[in-house]
Amino acid sequence: MDDLDRKILTEIQKDFPRVSKPFHALGEKFGITGEETLARIKRLKEDEKVLRQISAIFDTRSLGYQSTLVAMKFSNDQLDRGAEIINQHPGVSHNYRRNDAYNLWFTVAVPPYHSLEGTIQKLHELSGALSTLILPTLKLYKIGMKLDLTGSDPDARDSKENIYDDSKRRKAPPELTQEHIEAIRALQEDIPLEECPFEAIAKASGFTEARLFELMNFFEPRGYFRRFAGILHHRKAGFSANAMVVWNIPEEKQDEVGMKMALFPQVSHCYKRPIFLDWPYALYTMIHGAKAEDCEKIVQKIVSAAGDWPRKNLYSTKEYKKIRLKYFTKELDEWWDRAMKGTPIHA
């Protein structure tokens, strides 16, 4: 992977051109042909396995889905079995072991006609967890995994205007037609690596290319759609460490501190979540680095900018599951029907 590869990967995490010949448009930014751009991206995806996919990234809540972070406590000898049962839920997109008494952390999403709390209660029962915390987002300060591979200024800050936060999320229930749902199903899939990928997606899903672009332009200002972008395998890209840092901050300071934390480009996610008697941490930041020491340095920079508050640095010590959540699929309904009918779900 050379410097130009890194620049291309950094760029497409922010925005992939939504035009008929996107690789040509991307190549123009870097002074190369569309053919070379496509060849580089193919190599980075198929050979080097750095690029995971290029697709639409939708906003879970804006589409009417309910989602939350969940922390569970297992005995060490039951943790792997519990994680395997949790993984069987199609709405579980990320699932990690972390270095805490609450040693399993996962995100789960369900469609509006399923009960989120009922789903988590069933997962608690099936997995044999000793204790469970439900940690929904109370306020979003930042979301967006965009790894800088160019080695730019480590002290740089993100522009507030370029951060996807609570202000950009849809507040009203979604108004989705069947056509919208079919477009979402098509656009959430990985694009084919060919000269005119949107034309291929459109043909395969019963749209014209022009109509697909119209629908993307309809989704974006309504908050359904965060961006169309590349998603990396962050370990392959050189970011082997990630720390979920949880912060115990007084309520009256949380917004001020959360907004300061969100400006750090190494922070991909920043949330406010509920607290509990045994868990007083309200702010959550996801920090990425080449190694744990890099994450620790970012934490110290955040401390310098936002204050030295009580905190825990929770590192992922095992990845059990990491996928892109897919919307409006039958698999979620099938899991719900099995679980609610009492059909055994075994590890």
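Values quoted throughout were computed directly from the atomic coordinates according to the rules given, and no laboratory measurement underlies them. Predicted, not measured: the structure shown is a model, and the values here were computed from it. Counting neighbours? That spans all protein chains shown, and the Cβs are built from the backbone with ideal geometry, glycine included.
Say each of Y113 and M340 gets a label point 7 Å from the Cα, pointing the same way as Cα to Cβ; how far apart are those two points in nm?
If labels sit at Y113 and M340, their model points lie 1.0 nm apart.
Under the 0.36 nm per residue contour assumption, what length would be gained going from the current alpha-carbon distance of K297 and E84 to full extension?
So the chain would gain 73.3 nm between K297 and E84.
Given charges of +1 on the Cβ of Lys and Arg and -1 on the Cβ of Asp and Glu, with all other atoms neutral, how large is the dipole of the chain about its Cα centre, in debye to the nearest 20?
500
Residues with beta-carbon under 9 Å from that of Q254, excluding Q254: net charge, scoring Lys, Arg +1 and Asp, Glu -1?
-1
With a Förster radius of 56 Å, plug the Cβ-Cβ distance of T177 and K260 into 1/(1 + (r/R0)^6) and report the FRET value to the nearest 0.05.
Between T177 and K260 the formula returns 0.85.
Report the calculated FRET efficiency for D2 and L277 (r = Cβ-Cβ distance, R0 = 51 Å), to the nearest 0.05.
According to the calculation, E is roughly 0.45.
With 27 Å as the cut-off, how large is the P(r) tail for the chain, expressed as percent of Cα-Cα pairs?
Roughly 50 percent, rounded to a whole number.
Which FRET efficiency value, to the nearest 0.05, do you get for S304 and E195 by plugging their Cβ-Cβ distance into 1/(1 + (r/R0)^6) with R0 = 35 Å?
With a Förster radius of 35 Å, E is 0.15.
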